[in-house]
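A short reminder: the numbers here are calculations on the coordinates, not readings from a lab. Worth saying up front: this structure is predicted, and the values here are computed from it rather than measured. Heads up, the Cβs are rebuilt from the backbone with ideal geometry, glycines too, and the neighbour counts pull from every protein chain shown.
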Amino acid sequence: MVTKKLSIKNTECTLDITNSTANTLMGVHLANKNIDDLSDIIENITIYRERGHISFDTLSPSVILGNLYPEETAKLSLKLRQAMSQEELSVKLNENFKLLCDISIE
């Protein structure tokens, strides 16, 4: 199971994705179903991991998070084009992003 935690303040949003299983999740990524819809609300994304971070000024069909070890968290910082409520953003993210994993290793 992967847990997600969303927090938002003005145009800054943080999405924490934590591997809450005992297995290592390989090739974790967010599949973007509708780039145009999300590009209208997200200015850029920065992914923070224990081993560093990477920023994207444009969205792609898949945002690669990499491997997540048990209890490891990938933090996504989203810069929004305009302020919106946490509920509005949560609906948009759930409609457009799907969290996928290539393989789970014990």
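Mind checking which residues of region 80-106 are out of contact with any Gly (no Cβ under 7 Å at 6 or more places or on another chain) and either of a type in the set (S, T, Y) or farther than 18 Å from D36 by Cβ (or both)?
A83, S85, Q86, E87, S90, L99, L100, S104, I105, E106
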Residue that is under 30 Å from E106 (Cα atoms), free of Cβ contacts under 8 Å to residues at least 60 places away in the same chain and surrounded by 13 or more Cβ atoms within 10 Å (Cβ to Cβ), where the choices are N23, N32, N19, N44: N19
R49: passes all of (1) in contact with a Phe, Trp or Tyr (Cβ under 8 Å, 6 or more places away or on another chain); (2) basic (K, R); (3) surrounded by 14 or more Cβ atoms within 10 Å (Cβ to Cβ) but (1)
Qualifying positions in region 1-51 - in contact with a His (Cβ under 7 Å, 6 or more places away or on another chain) and not hydrophobic (A, V, I, L, M, F, W, C): T46
Inspect region 66-74 for any residue being charged (D, E, K, R) and farther than 20 Å from I103 by Cβ and give the result as yes or no. no
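Let's see how each residue does on (1) of a type in the set (A, V, I, L, M, F, W, C); (2) at positive phi:
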position	(1), (2)
T3	no, no
L6	yes, no
N10	no, yes
I17	yes, no
A22	yes, no
E43	no, no
Y48	no, no
